[in-house]
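The values are calculated or read from the model by the stated rules, or taken from the named source; none is laboratory data. Note that the coordinates shown come from a computational prediction; the quantities given were computed from them, not determined experimentally. Note: ideal-geometry Cβ built from the backbone for every residue, glycine included; neighbour counts use all protein chains shown.
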Amino acid sequence: MIDSNPLEVHVARPAVSAVARQRKQRPYLFYDTTTAICTTCLRTVEAKILFKDEQVVMDKWCPVHGSERVLIADDIEYYKLCREVYVKAPEMPLNFSTRMEYGCPYDCGLCPDHMQHSCLTVMEITDQCNLNCPVCYAESGTHRTTHKSLAQVIAMLDAVVKNEGEPDVLQLSGGEPTLHPDFFTILDEAKKRPIRHLMINTNGIRIAQEPEFVQRLAQYAPGIEIYLQFDSFKVAALKELRGADLTRIRAQALQRLNEANISTTLVMTLKKGVNDDEIGELIAFAASQPCVRGVTLQPIQDAGRVEDYDAAKNRLTVSEIRRKIGEQSDIFCKEDVLPVPCNPDTLAMAYGLKLNGQLQALTRYVDAETLLAGEKSTIVFERDPALKEQIFKLFSTNHSPQSQANCLSELLCCLPQISSPIALGYENVFRVLIVQFMDAQSLDIRALKKSCVHMVQPDGKMIPFESFNIFYRDDKQALLQTIRAELAQGHSARRQHGAVPSISNTQPLHFVRAPQEVD
């Protein structure tokens, strides 16, 4: 009802409930948004990064297939360390091989939207293998017999050098690369090029069974390293992961590598509840082997052939492996394991120095400021002059309060002085590296853009490892083409309706060399 004053309006108000309604609080902290993909259809979807119950989870929603929640980390403070502290300006490759057309992750690559050069380039030279492992991201096996031709391999080597100039690490992989009929010719071609470090990813069968093969391998040292599959000391775990008891093969292979003094990294494929209780044992064992320079811990992901894998039960995160190292190792604690700045979401590393038969963890005495002051963004820190200088100072300087100026921990003064030998070589460096590859369920496009492990292709493309396994390997290509067609149709419709300027009459964008500056 309106009274005589036309400016006063009386509005009927609902009666106030005896019990006022309370606004609910969401049961998590909202940290960030990102882009992910639907695990079912592989289309990009929006996602939220949440802190809930002391864990980091990614919530994503697909309008067709609904909601998903994925565990990203089980240590919030470590995750924040990765996101907020261990951050370096991205280092670009010398060349980009594709243009931005469909958007990440459908333009690989590398396209100009990718943020990181290739710290490690993987070159698969064969599909053939002498094992049929229940866990194999490449789905290789004895039933596959295709090898890359020598011409294809040479083209891939040239592409790596074109993109990187002096590549940090090139890893020959497969299948089982030692089965390639031109294996040693490929090594010769690789050694002709300015590749700083050459790795051979192998199950070790030929190394164990063929002494002449090892003798010939040794001729390529230094600058070559064996990336030796070494998953477990337990027969049951080996059979679950590799389909065979490889205990004797591993022992024989290591014996021959020690005798030939060929640098070796032991690679442990981790499956939660199967062999993740052996991490500390493997680190101690590796440290006792003269030829072994470190251990790589690689949790399995849902890619390729993965038998009996349940992400809810078997997924391991970087932060969980980091904690297990501290719980199981007598050498490293979890604080020794630091994010790798070029891609801290998926890589973490602890460093030690082997002197006089003793391994001393050193990462705890090199703080974030020192690590980030390094000249190059790379997983081969011993190649970084700035960091290398700091490490060597650590082991030759008297322990005193002044040593803090060299980025030493306050615990430094409590340790006995360690005198550095006249020359420290690669054999003195021991590293523990965690490499977690994302799969369709856990893929975070923000992190993918910083991927630094790339697969080189015969056509010269360099494709991030995760993208390759999800979209570009074998039978995945058909779905990728369907997604691209959908995106192209959507882009065309937007241009027709004037939502974005048409570029149909402009020159195509060709990115041949990286620009000197980018926004």
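Considering the range 180-221 alone, what residues qualify as being aliphatic (A, V, I, L, M), without any contact (Cβ under 8 Å) to a residue 60 or more places away in the chain and part of a helix (DSSP H, G or I)? Spell out the reasoning first.
So in the range 180-221, the residues aliphatic (A, V, I, L, M) come out as 186-187, 190, 195, 198-200, 205, 207-208, 214, 217-218, 221.
Now narrow it down to the ones that are without any contact (Cβ under 8 Å) to a residue 60 or more places away in the chain: 187, 190, 195, 198, 200, 207-208, 214, 217-218, 221.
Within the range 180-221, L187, A190, I207, A208, V214, L217, A218 meet the criteria.
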Taking the range 346-362 and keeping residues in contact with a Phe, Trp or Tyr (Cβ under 9 Å, 6 or more places away or on another chain) and either part of a helix (DSSP H, G or I) or small (G, A, S) (or both) leaves A348, A350, G352, A361
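Among A284, A253, which is the only one that is small (G, A, S), surrounded by 22 or more Cβ atoms within 10 Å (Cβ to Cβ), over 21 Å from the mean Cα position of the chain (by Cα) and not in a loop (DSSP other than H, G, I, E, B)?
Details: A284 fails: surrounded by 22 or more Cβ atoms within 10 Å (Cβ to Cβ).
Of the residues listed, the single one that is small (G, A, S), surrounded by 22 or more Cβ atoms within 10 Å (Cβ to Cβ), over 21 Å from the mean Cα position of the chain (by Cα) and not in a loop (DSSP other than H, G, I, E, B) is A253.
Would you confirm whether any residue within the range 121-128 is buried (at least 17 other Cβ atoms within 10 Å of the Cβ), free of Cβ contacts under 8 Å to residues at least 40 places away in the same chain and more than 26 Å from L443 (Cβ to Cβ)?
Applying the first criterion (buried (at least 17 other Cβ atoms within 10 Å of the Cβ)) to the range 121-128 yields 121-128.
Applying the additional criterion that residues be free of Cβ contacts under 8 Å to residues at least 40 places away in the same chain yields none.
Looking through the range 121-128, none of the residues is buried (at least 17 other Cβ atoms within 10 Å of the Cβ), free of Cβ contacts under 8 Å to residues at least 40 places away in the same chain and more than 26 Å from L443 (Cβ to Cβ).
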Restricting the range 140-162 to residues that are of a type outside the set (D, E, K, R), within 24 Å of R242 (Cβ to Cβ) and in contact with a strand residue (DSSP E or B) (Cβ under 6 Å, 6 or more places away or on another chain), the one surrounded by the fewest Cβ atoms within 10 Å (Cβ to Cβ) turns out to be T145
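Looking only at the range 56-72, decide whether some residue is basic (K, R), without any contact (Cβ under 8 Å) to a residue 40 or more places away in the chain and surrounded by fewer than 20 Cβ atoms within 10 Å (Cβ to Cβ). It would help to see each step written out before you state the result.
Step one: filter the range 56-72 for residues basic (K, R), giving 60, 69.
Remaining after also requiring without any contact (Cβ under 8 Å) to a residue 40 or more places away in the chain: 60, 69.
Remaining after also requiring surrounded by fewer than 20 Cβ atoms within 10 Å (Cβ to Cβ): 69.
Yes: one or more hits.
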Restricted to the range 301-345 and to residues being in a strand (DSSP E or B) and closer than 15 Å to I76 by Cα, the residue nearest to the chain's Cα centre (by Cα) is P339
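Please find, among V56, V85, V64, the residue that is more than 18 Å from the chain's Cα centre (by Cα), at pLDDT below 90 and among the hydrophobic types (A, V, I, L, M, F, W, C). First the steps, then the outcome.
Values: V56 fails: at pLDDT below 90; V64 fails: at pLDDT below 90.
Matching residue, one of V56, V85, V64: V85.
Assess whether D330 counts as being acidic (D, E), surrounded by fewer than 19 Cβ atoms within 10 Å (Cβ to Cβ) and over 16 Å from L241 (Cα atoms). Give the derivation first.
Values: acidic (D, E): yes; surrounded by fewer than 19 Cβ atoms within 10 Å (Cβ to Cβ): yes; over 16 Å from L241 (Cα atoms): yes.
It is true that D330 is acidic (D, E), surrounded by fewer than 19 Cβ atoms within 10 Å (Cβ to Cβ) and over 16 Å from L241 (Cα atoms).
It is to be established whether one or more residues within the range 115-135 are charged (D, E, K, R) and within 22 Å of T346 (Cβ to Cβ).
First, pick out the residues of the range 115-135 that are charged (D, E, K, R): 124, 127.
When the remaining residues are screened for being within 22 Å of T346 (Cβ to Cβ), the result is 124.
Yes, the range 115-135 has at least one match.
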